Each structure stands twice: as C-alpha cells, then as structure tokens.
Amino acid sequence: MKIKEEIRLPYIIINVDNIIVSHNSLMKSIFDDVNIGTNISDIFSDWELYSDSKFIHAEYNDRAFVFIKSICNNSKEILLLGIETNELSNLAKENKNLKSLNRELDAIIENSYDGIYITDNKGTTLKTNSAIERITSIPKDYYIGKNVNDLIKRGILKNSVTNKVLEYKRTVSVVQKNYAGNETILTGSPVFNEEGEIDKVVTNIRDLSDLNELQTELAKVNKLNDKYKKELNRLKNNPDQSKGIITKSDQMKMIYDTAQRIANIDATVLILGETGVGKDVLANYIFTNSKRSKGGEFIKVNCGAIPPELLESELFGYEKGAFTGANSKGKPGLFELADKGILFLDEIGELPIALQVKLLRVLQEGEIQKIGGTKPKKIDVRIITATNQDLQKMVGDGEFREDLYYRLNVIPIKIPPLRERRSDILSLVQLFLNQVNDKYNLSKEIDYEMKEFFLTYDWPGNIRELSNLIERLVVTTRDDFIRTDNLPLEYLHTNNAPLNKIVSLKDAVEIAEKNVISLAAEKYNNTYEIAEALDTSQPTIVRKLKKYNINISSN
C-alpha cells in the first residue's frame with residue numbers, strides 16, 4: 001500500500017509480521033529508528049500491549065503521540081497514523097470553542113424580535129428563526145431548503161430582496177406586504193467570501209404593523225404636548241424645534257453627537273452638504289444646546305439672497321448719514337444683533353471677496369466697523385457657516401480667500417445626502433405627514449407601495465424635496481390613502497416609479513427621453529460623450545440636462 005508524501009501527519013505501514021514496509025519523511029524526522037524492514041516492536045517497546053488496541057500511545061524525545069491503527073489491503077497491512085497529543089488537545093479546545101460560538105450565534109438569531117432569513121448565493125434558504133413564524137404565520141421549518149423564487153411563485157413572497165442583493169451586490173431595503181397581509185420592511189445584506197464574491201445573504205424582516213399603530217397612538221398622545229412646545233419656543237424666541245430632527249442612521253447620530261459636544265465651544269463651524277440636507281437645522285441645534293441661547297439670538301442670513309451692494313450694510317450696519325438714503329439714526333448690522341449669540345451665514349461661498357476681508361477681521365479681532373464709522377466696535381458672536389459648494393476648489397480658482405477658508409474650516413461637519421442615509425427616510429415621512437395633517441386638519445395615510453417608493457427614490461433635493469412632495473400629495477390626493485398613482489408626473493419616470501397611469505403622448509415621450517438621458521449621464525463623463533452615444537448634438541444634451549435637472553455622474 002502506498003500513501004502520498006503530502007500527508008501532513010507522520011505514518012508507517014507494517015505487514016502481518018509486524019515489519020515496516022513503508023513510512024513518510026515526517027515519521028522518519030520524528031523517530032530516528034524508523035526504517036523499512038525494521039520490526040515495529042523495535043520502535044514501540046511495548047508493542048505487544050497495544051497489538052490488539054485501536055490506539056497506540058508513544059513518547060519520543062519529550063513529545064507524546066497517539067497513533068491510530070487502520071487495517072488495509074485485505075488485512076495484509078496495517079496503517080499507523082500519528083497525531084501529536086498537544087495538537088490533538090488544541091484541536092479539541094478549538095472544536096469546543098467553535099461549538100460554543102455556534103450556540104451563541106444560534107441563540108442570538110433565534111431570540112431576535114425581527115425575522116432573520118439566511119440564504120446561500122443561489123437563493124436557497126439555509127436558516128430562519130422563530131420570529132418569522134409570528135410575522136408571516138408560516139412555520140420556520142417550511143422555508144428551509146426552499147429557493148426564494150419558488151416562494152414567490154407560491155405567493156408567499158411578493159418579490160425577493162435576496163435577488164436584489166445578488167443583483168446589485170449591496171444592502172437593499174424594500175417595503176411589502178407578506179403572506180399574512182402584514183406590512184413589513186425587508187433589509188437584505190450580502191456576506192462576501194475571501195474572493196469578494198457573495199457567499200450568503202442575510203435578510204432582516206421587521207413587521208411595521210405594530211410600529212405604525214404605536215406611532216399613530218404616540219402622535220395622538222403628543223399632539224397637545226407639541227402645541228405647548230411650539231408656543232413655548234415662540235415665547236422664548238428660540239429656534240423652531242417643531243421641525244424635528246431624525247437621527248436613525250449612524251451618520252446622523254454621529255453628526256448630532258458631535259454638534260452637542262461642540263455646542264459650547266466657540267470655534268467656527270463649517271457645515272457642508274447638498275441643498276436641502278438640513279444644514280440650517282443643524283446650526284439651529286448647535287445654538288439651542290449652547291449657553292448662547294440664554295443670552296443671545298440665533299440670526300440667519302443667506303449670503304446669496306441679498307444683493308452684494310446691500311449685503312455689507314446688512315451685516316455690519318451703518319452710521320447716520322453714511323450714504324444717501326441712509327436712515328437718519330443709522331442702523332445696527334446683523335453682527336450687532338447677534339451679539340452674545342450665533343450668526344449663521346448660509347451660502348458662504350456667495351460672499352463677495354471684499355466682504356470676505358471684513359469677515360476675516362471679525363474672526364481675527366472680534367470687532368466690526370460700521371459703514372461711515374470711524375471706530376471699531378467689539379462684539380461677542382459665534383460664527384457658523386454653511387455651503388453646498390466646494391470651497392477648496394473656489395480657493396484654487398481664486399474665488400474664495402484661502403486665509404478665510406482656514407479660519408472657517410476649524411470644525412467641518414458634512415451632512416450626507418438623504419440617499420446615503422435611507423434608514424432616516426420612513427421616520428421623516430411620518431414626521432412630515434403628521435405635520436401636514438395637523439396643518440390642514442386632515443388624516444391622510446400613506447400606502448405601503450408609496451413607502452417603498454420613498455425608501456428607494458434617490459431624492460436629489462434631499463429632505464426639502466421629501467417634505468414638499470408629502471405636502472403636495474396630502475393636499476392634492478382626494479382619497480385618505482396616498483398611493484403611487486397619486487405621484488406627480490415628474491416622479492413617474494424614475495427607475496423605481498413605473499408609469500402606471502394614462503398620460504399624453506407628449507408626456508410619455510418626455511418620460512422616455514429623460515430615462516435615456518439619465519442612464520447616459522450615469523455612464524459617460526461629459527456632454528460630448530453623451531451626445532455621441534445618443535447620436536445628437538452637444539448643445540442639445542446641455543439643454544436637455546438643464547430641462548430635466550440631470551447631473552452627470554463622476555466615474
């Protein structure tokens with residue numbers, strides 16, 4: 001009998017006369033006396049004691065081994081395969097630890113309140129927990145071994161988040177009604193192997209029915225309390241907290257935790273983010289949680305909304321007779337009005353270069369000088385700025401002062417767009433729905449398919465767009481339930497809102513045109529490449545991009 005040399009354990013083979021007929025080099029390196037033709041009793045002095053045993057214990061050069069006997073070749077030869085005792089002990093410990101870890105993981109999965117559904121990379125169910133029985137009214141053992149496509153065919157699932165995870169190779173969330181008619185949110189996450197390929201898909205299933213009921217009851221209980229809070233905020237002249245702050249996502253929790261920690265640190269804060277992400281809400285939050293809210297005011301000014309020729313007098317004020325048409329008594333500027341408080345300069349990138357110099361002096365010296373004034377005046381104001389522009393690029397282009405940029409960028413906080421923190425969306429939807437219902441004395445509700453649209457739409461206008469759309473839907477929808485067919489026309493040509501109602505041919509053409517241009521804008525880097533791919537002119541593409549508010553993705 002021959003055994004490959006690649007075996008990583010020492011072994012010898014003996015015949016019926018106890019003579020060694022074969023061994024590997026590892027065995028020879030451990031036992032110097034091992035040679036073909038040698039009697040096994042010369043190696044193991046107590047061989048006779050073990051001749052009828054399955055196992056042989058041996059010690060050699062302070063090392064202990066256990067040899068396992070196996071009869072082969074029709075009982076004509078015996079294989080002795082050795083394992084070092086220490087290694088065997090380590091394997092036993094490792095096996096015990098793995099069993100313990102497996103029991104812990106099973107307990108965690110089994111005791112989760114949410115349903116857990118695990119499949120392989122083919123969509124075949126490997127494991128579920130008991131919570132899935134409560135959510136779907138189907139025994140958990142029924143799912144084991146079944147493919148998600150089969151479950152869809154049988155009507156148990158409406159669609160499969162597992163298939164979407166396998167297709168997009170990222171975490172995907174959908175809202176749908178399950179077999180029992182309950183509204184659920186399913187979040188599937190891929191598990192990658194060492195080669196970067198999906199090995200398994202883990203899906204978390206949460207029943208929204210209970211949450212929706214609790215949310216409705218909570219809204220009723222807190223309705224009167226919210227009115228009291230609004231009135232108190234108005235009387236205290238504090239920032240309006242009725243807007244609400246949603247921090248379900250880890251990113252927003254970290255941002256508002258940072259904001260709370262720096263609230264009483266008078267360093268300048270630069271808030272970055274796309275239009276509509278809530279930069280002013282964050283600035284308001286910093287003021288509300290600071291000591292300055294007790295002795296000063298929060299004053300907001302949009303640097304891009306005031307004409308440049310008026311902005312200086314608005315910010316710094318002027319002395320009487322400073323210029324023709326000036327108030328005879330003079331006028332305090334916003335810096336003075338914000339003394340002991342916070343001045344929030346929104347759209348700071350729009351501040352003219354000349355005023356950037358004066359703002360830098362305020363930050364360096366802590367004083368202002370009115371138009372027409374001769375003496376500077378000390379002020380105690382904390383500056384918070386915000387922009388949706390790339391200030392570093394503006395510095396490089398000579399459009400923004402470098403020294404001012406570094407004075408403003410002491411504590412930068414970037415708010416991610418809504419599409420990057422989708423776990424906040426449903427909570428924001430409910431918040432805005434409650435506010436609009438209260439505002440117009442209505443009781444509209446949102447259909448689960450509409451919630452799925454909210455969850456998957458990319459929201460280029462961020463929170464502001466979401467809030468405006470909900471108000472629009474509430475006041476324009478006749479029924480108590482808001483459904484996807486109530487969406488405005490411009491939302492019906494998105495990838496996640498299929499056209500599902502009759503429109504004019506002109507509108508249908510525009511929908512198809514925007515879809516094609518959107519796909520091209522994601523694939524190509526500039527308008528020339530898009531024009532070539534769509535067989536049209538570059539000016540036409542520029543005009544269409546502007547018409548449909550489409551941005552070219554940077555690859």
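As a rough footprinting exposure proxy, the listed residues Met254, Met450 were ranked by other beta carbons within 10 Å of their own, and the order from fewest upward is Met254, Met450.
Relative to its Kirkwood radius, the Cα radius of gyration of region 405-481 gives an Rg/Rh of 1.12. Of all lysines in the structure, those lying under 24 Å Cα to Cα from Lys28, and not within fewer than 8 positions of it along the same chain, are Lys2, Lys4, Lys54, Lys69, Lys76.
Distance between the modelled labels on Ile245 and Glu350, one decimal in nanometres: 2.5 nm (7 Å Cα→Cβ projection).
Report the residues of region 287-304 in range of a label on Val410: point 7 Å along Cα→C-beta, backbone N strictly under 20 Å from it. Label zone hits: 287-301.
Among the chymotrypsin sites (Phe, Trp or Tyr not before Pro) in region 256-354, those located in a DSSP loop and surrounded by at most 11 other Cβ atoms within 10 Å of their own Cβ are Phe323. The orientation-averaged shadow of the Cα convex hull for region 371-417, equal to a quarter of the hull surface, comes to 5.2 nm². Here Ile299, Ile383 are placed in order of increasing Cβ neighbour count within 10 Å, fewest first, which gives Ile299, Ile383.
Beyond 40 Å, what share of the Cα-Cα pairs of the chain is found? Please give it as a whole percent. Don't skip to the end; give the middle numbers.
Values: 80471 of 153735 pairs.
Tail fraction, whole percent: 52.
Listed by chain and number, the aspartates and glutamates whose alpha-carbon sits under 14 Å from that of Lys220, ignoring those within fewer than 8 places in the same chain, are Asp438.
As a check on your grasp of the helix formula, calculate [θ] at 222 nm for the chain: sum -39500 (n - 2.57) over DSSP H runs of n ≥ 4, divide by the residue count, round to the nearest 500. Present the calculation step by step, with values, prior to reporting the outcome.
Values: 23 runs with 235 residues, N = 555.
After summing the helix terms and dividing by residue count, I get -12500 deg cm²/dmol.
Close amide H pairs (under 5 Å, H built 1.01 Å from N) link Ala64 with Thr85, Asn86, residues at least 5 positions away or on another chain.
Loop exposure criterion: GluC sites (Glu not before Pro), DSSP state outside H, G, I, E and B, at most 14 other Cβ atoms within 10 Å. Applied to the chain, the longest stretch between such sites is 198-398. Which entries in Lys329/Lys377; Lys393/Lys547; Lys279/Lys393; Lys248/Lys451 show an alpha-carbon gap greater than 23 Å? Lys393/Lys547, as the Cα separations exceed 23 Å there. Ordered from longest to shortest, the equivalent ellipsoid semi-axes for region 243-348 are 32, 16, 9 Å, each the square root of 5 times a Cα gyration tensor eigenvalue. Expressed in Å, the radius of gyration and Dmax of the Cα atoms of region 300-380 are 12.1, 33.
How do Leu26, Leu315 line up, fewest other C-beta atoms within 10 Å first? Walk me through the numbers before you get to the answer.
Details: Leu26 15, Leu315 24.
Neighbour counts put them in this order, fewest first: Leu26, Leu315.
Please enumerate, by chain and number, the aspartates and glutamates with C-alpha under 14 Å from the C-alpha of Lys375, excluding those fewer than 8 residues away in the same chain. Leaving aside aspartates and glutamates fewer than 8 places away in the same chain, those within reach of Lys375 are Glu319, Glu365, Glu367.
Summarising the amide proton neighbourhood of Gly341: residues at separation of 5 or more, or on other chains, whose placed amide H is nearer than 5 Å comprise Glu297, Arg382.
Every number here is computed from the coordinates shown, using simple stated rules; none is lab data. Note that this is a predicted model, so its numbers are computed, not measured. Backbone-built Cβ (ideal geometry, glycine too); neighbour counts: all protein chains shown.
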